[in-house]
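> If you scroll down you'll find the structure; I have some questions about it.
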Amino acid sequence: MSGGKEIKKALEDIVDRDYTFMHICGTHEAAIAKSGLRSILPKGLKIVMGPGCPVCITPQGEIDAALELAEKDCIIATYGDLMRVPGTKGSLDSSGKDVRVVQGIHKAVEIAKETDREVVFISVGFETTAPTVAATLLTNPPDNFSILCSHRFVPPAMKFLLEQGEAQLDGFMLPGHVCVVTGYEMYEQFKVPQVVAGFEPEDILLGLYMLVKQSKEGRGEVENAYPRAVCREGNKKAMEMLYQVFEPCDVEWRGFPVIPDSGLKLKPEFEKYDALKKFGVEIKHVEKHSACICDKVLRGIAEPADCKLFGKACTPRKPVGPCMVSHEGACKIWALYNQKKL
Amino acid sequence: MSGGKEIKKALEDIVDRDYTFMHICGTHEAAIAKSGLRSILPKGLKIVMGPGCPVCITPQGEIDAALELAEKDCIIATYGDLMRVPGTKGSLDSSGKDVRVVQGIHKAVEIAKETDREVVFISVGFETTAPTVAATLLTNPPDNFSILCSHRFVPPAMKFLLEQGEAQLDGFMLPGHVCVVTGYEMYEQFKVPQVVAGFEPEDILLGLYMLVKQSKEGRGEVENAYPRAVCREGNKKAMEMLYQVFEPCDVEWRGFPVIPDSGLKLKPEFEKYDALKKFGVEIKHVEKHSACICDKVLRGIAEPADCKLFGKACTPRKPVGPCMVSHEGACKIWALYNQKKL
Amino acid sequence: MCIAIPAEVLEIKDGNIAVVDYGDLKQEVRIDLVDVEVGEYVLVHVGFAIQKLSRDEALQTLQVFKEVYEAMEE
Amino acid sequence: MCIAIPAEVLEIKDGNIAVVDYGDLKQEVRIDLVDVEVGEYVLVHVGFAIQKLSRDEALQTLQVFKEVYEAMEE
Amino acid sequence: MKVNMMHGAGGAVFAELLGQTLTRYKNNNAGGIGLESLDDGAVIPFEDKNIVFTTDSHVVRPLFFPGGDIGRISVCGTANDLAMMGGRPVALSCAMIIEEGFDIEVLEKIVSSMDEALGECGASIVTGDTKVLEKGAIDGIVINTAGIGIVEKPVRDSGLLVGDVIIVSGTIGDHGLAVMTAREGFDLGEQIMSDVAPVWGLVEKAMNAGEIHAMKDPTRGGFSNAINEMAEKSGVQVRIEEEALPIRQNVRSASELLGINPLDVANEGKVVMGVRAEDAESVLSAIRSHKYGKDAAIIGRVVEGKSVVMETSIGGERFIEAPVGDPVPRVC
Amino acid sequence: MKVNMMHGAGGAVFAELLGQTLTRYKNNNAGGIGLESLDDGAVIPFEDKNIVFTTDSHVVRPLFFPGGDIGRISVCGTANDLAMMGGRPVALSCAMIIEEGFDIEVLEKIVSSMDEALGECGASIVTGDTKVLEKGAIDGIVINTAGIGIVEKPVRDSGLLVGDVIIVSGTIGDHGLAVMTAREGFDLGEQIMSDVAPVWGLVEKAMNAGEIHAMKDPTRGGFSNAINEMAEKSGVQVRIEEEALPIRQNVRSASELLGINPLDVANEGKVVMGVRAEDAESVLSAIRSHKYGKDAAIIGRVVEGKSVVMETSIGGERFIEAPVGDPVPRVC
Ligand code: SF4
Ligand code: SF4
Ligand SMILES: [Mg+2]
Ligand SMILES: [Mg+2]
Ligand SMILES: [Mg+2]
Ligand SMILES: [Mg+2]
Ligand SMILES: [Mg+2]
Ligand SMILES: [Mg+2]
Ligand SMILES: [Mg+2]
Ligand SMILES: [Mg+2]
Ligand SMILES: [Mg+2]
Ligand SMILES: [Mg+2]
């Protein structure tokens, strides 16, 4: 990808006051950190992170449920991301149980086909990921396979944030890979500046440029800075499969209250793949650590460094809050890339 | 212990022709080998080993049953002796299961008291050992405790040997520690020279001296060369406890056919401690390796070196027959102490 | 959770499987969610192609920027 | 299977347990099978005293030998 | 407190365990460079030369991976640590801990692979030890090697000087990603090859071509860890140019696919050097003339300050930090 | 074929694995005594002296036992192997492999025990390595040490000459029975103490007092294994007098109780030596003057022939054979 120079220049020219935009995708945060992008933004332009990392927003109770399933001698198949997320009593990684990192749900099904033991796939992820689960469940996995269903949908969380209205945001950078699947029609309900952006540093710069421009022009619509992958209607086939298998439900987000229609549950005909039902496991609500301000970080009204625990009681090695856990967590990324002032 | 010199001298004086005596105690064989006793016996005097080692004579089917119990996730408690005895598919030692070496049955009960898991004690041994099992079962072990009952009685085997009449034996050295418990009255039925002997080299020399003397004098009775530990009636208290818990039964000996009344089974009121019944495990008869002549070795009609497999296919590391397995097995002891001619 | 990377479809196999190339690295991925042909580009996420990629030069970032920028200059 | 070794009874405890000394080595053993007192000797097998030992010098091997030998000389 | 996996992954957490527990020996030095330096090896003055001494245990999984195996690593890992001190590898010890049930034919393959690597290094295994543990007490096999080398003038990892140029002897991330993609579940098979190789030949050429102020092999914790250790111990800042880093295309692809930073994973046949600026070009061509140094590159420079800074291709800056824990493949 | 426990217990079975697999390196010697000798250590000529080099991994259980711990053994085991070659211990490496979840306080105790033993030896740990394995991949901790020593005239284990006298530096079987009786289930507690100690001081005195033709420490496989190796490698017969063997009373009692031959279990602070007959008494008193040599005894002699023969107290003869597999407590 080239063109970064031109866009940077244009961005410097266009920024005339303070702007704060929120992205809601952990992969955006990772790309920003990796490229050191914040170090080249014009003065006044700020990009903050929202509730965009499915690991960050998975409540502790769901990790505890996964650990409980591991205790029941199920083979646990999971994305590597979840391995070190602390539940109430340790993480999957340190459980000493049979926990296997897989690339995706189809690999977990392959494991199930080759064993008599129960295999449970810890199924987290946003709209990007959920269709892969749907597609797999539609291929009739064996009886010893089930999923711990922890999916989340982005727009209801955005709605919640906008209704709270605490964060002084000038607009949103929409999650490129979520929009690959869903398109962006459903974001048009929000009358604020929004731009769908890709994940190269140039993509993000362009997204920011378009956000400033829209803001400046007083518009509040959805624009697409990532047309090589995203179109308005998204991937219809994927969305159809998703709704064949799942239906929306109300669900808690780590650091948030229960957000209506922001989760996915299996439709009755797929309930046999529901690990919670199959093994009689319940997800319990776990109270958050009192001093952690993750909820504020995720809502864009605080930065990690505003937290009293940041870098002291809460470090990447001993994370207190979810934002310090995930590779995409704002606190972790700040700790790794920004802690020492450049 | 002193006096070996005098007894040795007397033995040299008294031996006037070839004599062959059989002992029927592995501990005798071990003591003979350890002291190099055969190297100082007068020419013509021979002491051979009979079916005196409970490990040697435990049929392979019983080891297989122990392994089957280990597979069922029982904690197996056993004397160290049995650890390396090969069953059809490996040994307890190499099973990778929870197998624990204990000093005696009471230690196995202690394990049972501290766990919720099932604990099975592999209960082998002659009359010396069986009363310790009886005494323990009489103290009401917990419900998760049971035994694999593989005990054997010596006199029926001696009777069998005498009735076969193949071995050209001039008499028997009776097992000192068996007789500590049983006394020797029951051996008086056999009208051949018999002497109860202890386990110091001097004890064994004395036993041999008394056997030659009896033989020479044409007597066929039971004499006691171990009066510091053995008396005619034995340990009555121990025998009473034994018969409170066990009753005789017909049983196979490794290398022998089924010998009537040579085994012990739990009386009905103690059947709840019978691991075979508790776990529905059966002891299957396993055919012996064709070229192994253990049966002949155990009957005193062949020496280990007479076996084609000895030191070749059959070694202490890769035992083919039971006599190569036990520390007290004639073939193992010959391999370790006698193989190279001194 | 949304790492997705572009790849070229090299071969299509039975059972909704395609062999793709990420750049000197080949892998079998599931194509249940897209209708693709050999030679096309896809975005791969957790082992599934989740969308076809447009190869149209006009849709590259720089092109989009130029259009937006020019629209501003107007 | 019949290793049994002599030991001196040092102490008798509740529950049929005695502390014995094998020779600079002490251990608790079960005395269910014998009636013993402190100071007596026992034979211990698989953690149980299986018999009391006579301390009578006359019963030592050499003594027995002498009796047998003399009986022969007669 | 308990030891956790991060304690074993190099980096800051490991350093803490080291500092607080594992290096607390009063008897830690035999006259030269000892345990307190935590360099690639120790130096013991002897007659008028120096003995270099080092050790490593090798626990790589799978045992056989594209481009190498645990045997080759066991020899190269230790020989390379000797080389990092400027030492010519002479003799190695080999202590194997083997799980009951391990296949003897596999053992034979490992031994012959070690032997081949020894031949390449010009060193010998002169003493050994073998322990067999019962099934379950260890996972397959662990191989420890210690090594002795000879050097006249030792090279430290702490010798970076302001003005030095940073050279890396070849592509980064190959071993770590080869091992990771060869593990089950990703179906990437044998497409990426480990770089495991003895580097003494290359190092010797480099030392003859110019003044090398510091050397380290970027093994556990990868390049990120090695360069941070060098910078910190030397009391300088290192600036790395992202675009200059040599990374193979398939390593780059795999690292994106698995969400792994290629700078954070182990290399087993590479050297990171700080070289006097005037000698940089001649050292670079000396390295490139060796078969294991063809992709060598100048990737950065040493300035005053602290930390390691990446100058990104978009023109930004960020820190390169030692990784926390072993990288795990991920999808976010 | 699979590796089994007997492969790890020293003796004949182990020798087979060694001979057929583990010593098949073409690169096995750096100029002096190499792997092919299977002596206590290797010797590498350097300038006009010799470097002695050896390694051992330590897996003892329990980690703490009466009289010592895995830390003390890790230092003494390697320092003693150096001493067995006549070498003064100078520097050790320490490579730990630790299971996730291992207690750091226990680790600290091990480290400080190592340090204490180092002080006694006059050696230092100069280089190290630490690997942490996930829970279940290893049982607690394994410590490997390698060691470097200096010697002018190396002593072999193969140097027994006909006419030599065999001396053992103290009582036999203490360590093996201490460890075994400390394990659970026998309730023998801490009555028997391990002999684990560094023997260099004692060896140095002995070497100054007379001509020592051969030395070996009777560790794994015990005295039985050590004396058989010495006899076989030297091409001689050794005759041992049963009544001369120094064995503590409680070791003797425990060995009868557990059905264990005390000659077959490990010692960790003892030396078996072949000494020129004329020097036997002066060497013996030199050893006895050292705190770890008070119970030293002349126990046998070297004659023509092969094998090791025990002259039993009853006046009989039998062979002493290297044990097959690790001894297991038994009741027959
Ligand atoms: S630094 Fe830790 S405690 Fe503070 S907000 Fe972030 S995750 Fe929560
Ligand atoms: S040597 Fe082996 S095969 Fe032959 S009789 Fe003895 S145990 Fe049986
Ligand atoms: Mg290194
Ligand atoms: Mg090292
Ligand atoms: Mg290294
Ligand atoms: Mg060794
Ligand atoms: Mg260095
Ligand atoms: Mg040694
Ligand atoms: Mg050694
Ligand atoms: Mg050693
Ligand atoms: Mg290391
Ligand atoms: Mg030696």
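> Does region F:86-100 contain any residue that is away from ligand 11 (no atom under 16 Å from the Cβ), farther than 16 Å from residue F:200 by Cα and surrounded by fewer than 24 Cβ atoms within 10 Å (Cβ to Cβ)?
Among the residues of region F:86-100, at least one is away from ligand 11 (no atom under 16 Å from the Cβ), farther than 16 Å from residue F:200 by Cα and surrounded by fewer than 24 Cβ atoms within 10 Å (Cβ to Cβ), which makes the answer yes.
> Identify the single condition in (1) more than 7 Å from chain F (Cβ to nearest Cβ); (2) in a helix (DSSP H, G or I); (3) of a type outside the set (Ser, Thr, Tyr); (4) surrounded by fewer than 24 Cβ atoms within 10 Å (Cβ to Cβ) that residue E:136 does not satisfy, given that it satisfies every other one.
Among (1) more than 7 Å from chain F (Cβ to nearest Cβ); (2) in a helix (DSSP H, G or I); (3) of a type outside the set (Ser, Thr, Tyr); (4) surrounded by fewer than 24 Cβ atoms within 10 Å (Cβ to Cβ), the lone unmet condition for residue E:136 is (2).
> Among F:119, F:147, F:159, which is more than 19 Å from residue F:42 (Cα to Cα) and small (Gly, Ala, Ser)? Spell out how you get there, then give the answer.
On the way: F:147 fails: more than 19 Å from residue F:42 (Cα to Cα); F:159 fails: more than 19 Å from residue F:42 (Cα to Cα).
Every option except F:119 fails the conditions.
> While we're on this one: Starting from residues that are modelled with pLDDT of 95 or more and among the charged types (D, E, K, R), keep the ones in region E:156-193 and report whichever is farthest from residue E:328 (Cα to Cα).
Here the residue is E:164.
> Also, I was wondering about something else. For region E:101-113, give me each residue that is more than 7 Å from chain F (Cβ to nearest Cβ) and not charged (D, E, K, R).
E:106, E:110, E:112, E:113, listed by residue number.
> A further question on this structure: Name every residue in region A:248-266 that is in contact (Cβ under 8 Å) with a residue 60 or more places away in the chain and either of a type in the set (A, V, I, L, M, F, W, C) or touching a helix residue (DSSP H, G or I) at 6+ places or on another chain (Cβ under 6 Å) (or both), in order of residue number.
Filtering region A:248-266 for residues in contact (Cβ under 8 Å) with a residue 60 or more places away in the chain gives A:248, A:251-256, A:259-266.
Selection gives A:251, A:253, A:254, A:255, A:256, A:259, A:261, A:262, A:264, A:266.
> Scan region F:25-43 residue by residue and report those that are within 15 Å of ligand 10 (Cβ to nearest atom) and over 20 Å from residue F:77 (Cβ atoms). Let's see the steps before the verdict.
Taking region F:25-43 first, the residues within 15 Å of ligand 10 (Cβ to nearest atom) are F:35, F:37-42.
Scanning region F:25-43 gives no hits.
> Here is a further query. Taking region F:173-200 as the region of interest, how many residues are part of a loop (DSSP other than H, G, I, E, B), surrounded by 22 or more Cβ atoms within 10 Å (Cβ to Cβ) and touching a strand residue (DSSP E or B) at 6+ places or on another chain (Cβ under 9 Å)?
Taking region F:173-200 and keeping what is part of a loop (DSSP other than H, G, I, E, B), we get F:173, F:183-199.
Restricting the remaining residues to those that are surrounded by 22 or more Cβ atoms within 10 Å (Cβ to Cβ) gives F:173, F:188, F:192, F:194-199.
From what's left, touching a strand residue (DSSP E or B) at 6+ places or on another chain (Cβ under 9 Å): F:188, F:194-198.
Number of matching residues: 6.
> Related question: Go through region A:224-269 and give me each residue that's in contact with a strand residue (DSSP E or B) (Cβ under 8 Å, 6 or more places away or on another chain), polar (S, T, N, Q) and over 20 Å from residue A:286 (Cβ atoms).
Across region A:224-269, the qualifying residues are A:224, A:235.
> With respect to residue C:29, determine if the residue is surrounded by 19 or more Cβ atoms within 10 Å (Cβ to Cβ) and more than 8 Å from every other protein chain (Cβ to nearest Cβ). Even if it seems obvious, please write down each step before you answer.
On the way: surrounded by 19 or more Cβ atoms within 10 Å (Cβ to Cβ): yes; more than 8 Å from every other protein chain (Cβ to nearest Cβ): yes.
In short, yes.
> Are there any pairs, at least 6 apart or on different chains, whose C-beta atoms fall under 6 Å, with the first in region F:105-127 and touching a residue at least 60 places away in the same chain (Cβ under 8 Å) and the second of a type outside the set (Phe, Trp, Tyr), and if so, which?
Every condition considered, the pairs that remain are F:117/F:72; F:117/F:75; F:117/F:76; F:120/F:198; F:121/F:79; F:121/F:89; F:121/F:198.
> Right, next: Among (1) under 27 Å from residue E:328 (Cα atoms); (2) small (Gly, Ala, Ser); (3) more than 16 Å from ligand 3 (Cβ to nearest atom), there is one condition residue E:74 misses while meeting the rest; what is its number?
Unmet condition: (3).
> While we're here: Of the conditions (1) touching a Lys or Arg at 6+ places or on another chain (Cβ under 8 Å); (2) within 12 Å of another protein chain (Cβ to nearest Cβ), residue A:246 fails just one. Which one is it?
(2)
> Still on this structure: Does region E:63-79 contain any residue that is surrounded by 22 or more Cβ atoms within 10 Å (Cβ to Cβ), within 7 Å of chain F (Cβ to nearest Cβ) and out of contact with any Gly (no Cβ under 9 Å at 6 or more places or on another chain)?
The answer is no; no qualifying residue exists.
> Could you check residue F:56 against (1) more than 18 Å from residue F:271 (Cβ to Cβ); (2) within 11 Å of another protein chain (Cβ to nearest Cβ) and say which number it fails?
(1)
Quick grid of which residues meet (1) assigned to a loop (DSSP other than H, G, I, E, B); (2) within 25 Å of residue A:161 (Cα to Cα):
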site	(1), (2)
A:12	no, no
A:39	no, no
A:56	no, yes
A:64	no, no
A:68	no, no
A:84	yes, no
A:96	yes, no
A:100	no, no
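> From the list A:62, A:29, A:6, exactly one residue is closer than 30 Å to residue C:59 by Cα, crowded, with 19+ Cβ neighbours inside 10 Å and of a type in the set (D, E, K, R). Which is it? Don't jump to the end; show me each part of the working.
Working: A:62 fails: closer than 30 Å to residue C:59 by Cα; A:6 fails: crowded, with 19+ Cβ neighbours inside 10 Å.
Going through A:62, A:29, A:6 in turn, just one is closer than 30 Å to residue C:59 by Cα, crowded, with 19+ Cβ neighbours inside 10 Å and of a type in the set (D, E, K, R): A:29.
> Restricting the search to region E:41-53, which residues are assigned to a strand (DSSP E or B) and either within 14 Å of residue E:216 (Cα to Cα) or more than 10 Å from every other protein chain (Cβ to nearest Cβ) (or both)? Steps first, answer last, please.
Of region E:41-53, the ones assigned to a strand (DSSP E or B) are E:42-46, E:49-53.
Selection gives E:42, E:45, E:50.
> Still on this model: Looking only at residues that are of a type outside the set (A, V, I, L, M, F, W, C) and more than 16 Å from ligand 4 (Cβ to nearest atom) in region E:36-62, which one is surrounded by the fewest Cβ atoms within 10 Å (Cβ to Cβ)?
In the first step, residues of region E:36-62 are kept if they are of a type outside the set (A, V, I, L, M, F, W, C); the result is E:36-37, E:39-41, E:45, E:47-50, E:54-58, E:61-62.
If we keep only those that are more than 16 Å from ligand 4 (Cβ to nearest atom) too, we end up with E:45, E:47-50, E:61-62.
Working: E:45: 13, E:47: 10, E:48: 7, E:49: 14, E:50: 23, E:61: 13, E:62: 13.
So the residue we want is E:48.
Okay, residues lined up against (1) of a type in the set (Phe, Trp, Tyr); (2) more than 9 Å from chain E (Cβ to nearest Cβ); (3) free of Cβ contacts under 8 Å to residues at least 60 places away in the same chain:
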residue	(1), (2), (3)
A:5	no, no, yes
A:11	no, yes, no
A:23	no, yes, no
A:31	no, yes, no
A:39	no, no, no
A:48	no, yes, no
A:60	no, yes, no
A:95	no, yes, yes
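> Hey, among F:3, F:59, which residue is under 20 Å from residue F:264 (Cα atoms), of a type in the set (Val, Ile, Thr) and more than 16 Å from ligand 5 (Cβ to nearest atom)? Walk me through it before giving the result.
On the way: F:3 fails: under 20 Å from residue F:264 (Cα atoms).
That would be F:59, the only listed residue that is under 20 Å from residue F:264 (Cα atoms), of a type in the set (Val, Ile, Thr) and more than 16 Å from ligand 5 (Cβ to nearest atom).
> Continuing with this model, one more query. Please list, ordered by residue number, the helices (runs of 4 or more DSSP H) wholly in region A:257-336 having 3 or more residues that are more than 16 Å from ligand 7 (Cβ to nearest atom) and surrounded by fewer than 24 Cβ atoms within 10 Å (Cβ to Cβ). Please lay out each step first, then the result.
Numbers: elements: A:275-279, A:294-298, A:330-333.
Passing ranges, in order: A:275-279.
> Of all residues in region C:7-20 being surrounded by fewer than 16 Cβ atoms within 10 Å (Cβ to Cβ) and in contact (Cβ under 8 Å) with a residue 12 or more places away in the chain, which is farthest from the other protein chains (Cβ to nearest Cβ)?
First, pick out the residues of region C:7-20 that are surrounded by fewer than 16 Cβ atoms within 10 Å (Cβ to Cβ): C:10-15, C:17.
Next cut, in contact (Cβ under 8 Å) with a residue 12 or more places away in the chain only: C:10-13, C:17.
Working: C:10: 13, C:11: 14, C:12: 16, C:13: 13, C:17: 10 Å.
Step by step, filter region C:7-20, then rank; the result is C:12.
> Residues of region B:141-185 being over 19 Å from residue B:82 (Cβ atoms) and among the hydroxyl-bearing types (Ser, Thr, Tyr), which ones?
Once the filter is applied, which keeps residues that are over 19 Å from residue B:82 (Cβ atoms) and among the hydroxyl-bearing types (Ser, Thr, Tyr), region B:141-185 yields B:182, B:184.
> When you check residue E:129 against the structure, is it at the interface with chain F (Cβ under 7 Å from one of its Cβ atoms) and surrounded by fewer than 20 Cβ atoms within 10 Å (Cβ to Cβ), yes or no?
Criteria not met by residue E:129.
> Return yes when residue F:106 is over 24 Å from residue F:267 (Cβ atoms) and either buried (at least 24 other Cβ atoms within 10 Å of the Cβ) or within 16 Å of ligand 3 (Cβ to nearest atom) (or both) and no when it is not. Break it down into steps so the answer makes sense when it comes.
Working: over 24 Å from residue F:267 (Cβ atoms): yes; either buried (at least 24 other Cβ atoms within 10 Å of the Cβ) or within 16 Å of ligand 3 (Cβ to nearest atom) (or both): no.
The answer is no for residue F:106.
> If you check every pair at least six apart or on different chains, which have Cβ atoms under 6 Å apart with a residue in region E:12-29 that is more than 7 Å from chain F (Cβ to nearest Cβ) first and a residue that is surrounded by fewer than 19 Cβ atoms within 10 Å (Cβ to Cβ) second?
Pairs found: E:13/A:317.
> Among the residues of region F:81-90, is there at least one that is among the acidic types (Asp, Glu), assigned to a helix (DSSP H, G or I) and more than 16 Å from ligand 2 (Cβ to nearest atom)?
Looking for residues that are among the acidic types (Asp, Glu), assigned to a helix (DSSP H, G or I) and more than 16 Å from ligand 2 (Cβ to nearest atom), one finds at least one in region F:81-90, hence yes.
The values are calculated or read from the model by the stated rules, or taken from the named source; none is laboratory data. Nothing here was measured: the structure is a model prediction, and the numbers come from that model. With ideal geometry, Cβ positions are generated from the backbone for all residues, glycine too; neighbour counts draw on all protein chains shown.
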